1. Report, ordered by the first and then the second residue, all pairs with beta carbons closer than 8 Å, sequence separation of six or more or different chains, a first member in the stretch 161-175 that is of a type in the set (D, E, K, R), and a second member that is open to solvent by less than 30 Å² (accessible area, probe 1.4 Å).
2. Under 6 Å between Cβ atoms, at least 6 apart or on separate chains: pull out the pairs that start in the stretch 204-222 with a residue that is within 15 Å of residue 23 (Cβ to Cβ) and end on any residue that is open to solvent by less than 60 Å² (accessible area, probe 1.4 Å) and aromatic (Phe, Trp, Tyr).
3. Give all pairs with beta carbons closer than 6 Å in which a residue from the stretch 130-150 that is closer than 19 Å to residue 12 by Cβ meets a residue that is open to solvent by less than 40 Å² (accessible area, probe 1.4 Å) and polar (S, T, N, Q); count only pairs at least 6 apart in sequence or on separate chains.
4. Pick from the stretch 123-154 the residues that are touching a strand residue (DSSP E or B) at 6+ places or on another chain (Cβ under 8 Å) and more than 16 Å from the ligand (Cβ to nearest atom): which of them is nearest to residue 109 (Cα to Cα)?
5. Take the residues in the stretch 188-203 that are over 30 Å from residue 147 (Cα atoms) and either at pLDDT below 95 or aliphatic (A, V, I, L, M) (or both), then tell me which one is farthest from the chain's Cα centre (by Cα).
6. Go over the candidates 90, 86 one by one and state the one that is surrounded by fewer than 20 Cβ atoms within 10 Å (Cβ to Cβ), free of Cβ contacts under 8 Å to residues at least 60 places away in the same chain, not in a loop (DSSP other than H, G, I, E, B) and not acidic (Asp, Glu).
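The values are calculated or read from the model by the stated rules, or taken from the named source; none is laboratory data. Here the structure is a predicted model, which means the values were calculated and not measured. In this analysis, Cβ positions are derived from the backbone assuming ideal geometry, glycine residues included, and neighbour counts consider all displayed protein chains. Heavy atoms of the whole protein, side chains included, go into the accessibility calculation; ligands, DNA and RNA do not. Shrake-Rupley method; radii C 1.70, N 1.55, O 1.52, S 1.80 Å.
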Amino acid sequence: MTGPDTPGPGRLVFGGSFNPPHVGHVRLAVEAREILGPLVDRVDLVPCACPPHKDNSGLLPFSLRVAMLEAAIAPLPQLHCNRLEGERHGPSYTCDTLVCYKKTLTGHQLYFLLGSQDYALLPTWRRGLELPRLCQLVVVPRGGDGLDAFLATSSTLWPGCHPCSSLIPTAQAVRLPDGGICHFLPLPWLDVSASRIRRAWLAGRDIRYLTPDAVLDMLSAQDEEIRTYWRNDIHHA
Ligand code: ATP
């Protein structure tokens, strides 16, 4: 049995639209897996079936995004794609996903990986401020946010939280008044985004090295269908 403060075979969950998956996602998952080491057995990338915060008009079908993600991480056995959000109806809320994980991974520590900008937006997520009751948040800096910004955001979100040691190498942590823990993990963030890839691909530009070759192959193979979806995205942008 592992508790919140004891090392053991936990699981790191990394959610996103993956429309399409790109090297930023894959590299972050690989580096997080390496640094968490024996704290986790693997990293689960969890494609969002129906993102609550995004305009979904340009979103590729769930099954296609899953296929792309599985192809992107196929050479990396320490990464796994979990399709559980495809089994629910309505908006795919992270809190519901973590509750599902808690039910199936009883006694294992759950970690949830997110960027610092999403961390600051947790109050806009459904039950966002309650997520640390379900998992430990692992926050990766984005856009120049450093430890100071993480500490300031943490104090705004959970007044009374205080710095504490982190079991994750190179990370710093805060303990929340109710005992939850959020980590700040300084991993590199590659300057690539799915929206930029979609725009470049639609414009006929070269997107090699921004996304794995297996994803490039799927884009070519289903060019017409994908173009139909992503054009909608441009029209709504
Ligand atoms: P979009 O440009 O369509 O908004 P995105 O590139 O931000 O998409 P998402 O699928 O929305 O990708 O993000 C999934 C997860 O990956 C989120 O937690 C997000 O913070 C993270 N992420 C996005 N871009 C990067 C990147 N370049 N490096 C590491 N993580 C990233």
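1. Partner pairs satisfying both residue conditions: 175/161; 175/181.
2. 207/201
3. What qualifies is 139/116; 141/116; 142/116.
4. Among them, the one singled out is 134.
5. We begin by selecting, within the stretch 188-203, every residue over 30 Å from residue 147 (Cα atoms); these are 198-203.
Remaining after also requiring either at pLDDT below 95 or aliphatic (A, V, I, L, M) (or both): 200, 202-203.
Working: 200: 23, 202: 25, 203: 27 Å.
The qualifying residue farthest from the chain's Cα centre (by Cα) is 203.
6. The unique qualifying residue is 86.
Listed here are the residues, each with its yes/no results for (1) within 13 Å of the chain's Cα centre (by Cα); (2) within 9 Å of the ligand (Cβ to nearest atom); (3) on the phi > 0 side of the Ramachandran plot.
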position	(1), (2), (3)
12	yes, no, no
21	yes, yes, no
28	yes, yes, no
34	no, no, no
39	no, no, no
43	yes, no, no
46	yes, no, no
49	no, no, no
52	no, no, no
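Yes or no, residue by residue, for (1) part of a helix (DSSP H, G or I); (2) open to solvent by 10 Å² or more (accessible area, probe 1.4 Å):
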residue	(1), (2)
38	yes, yes
60	no, no
65	yes, no
76	no, yes
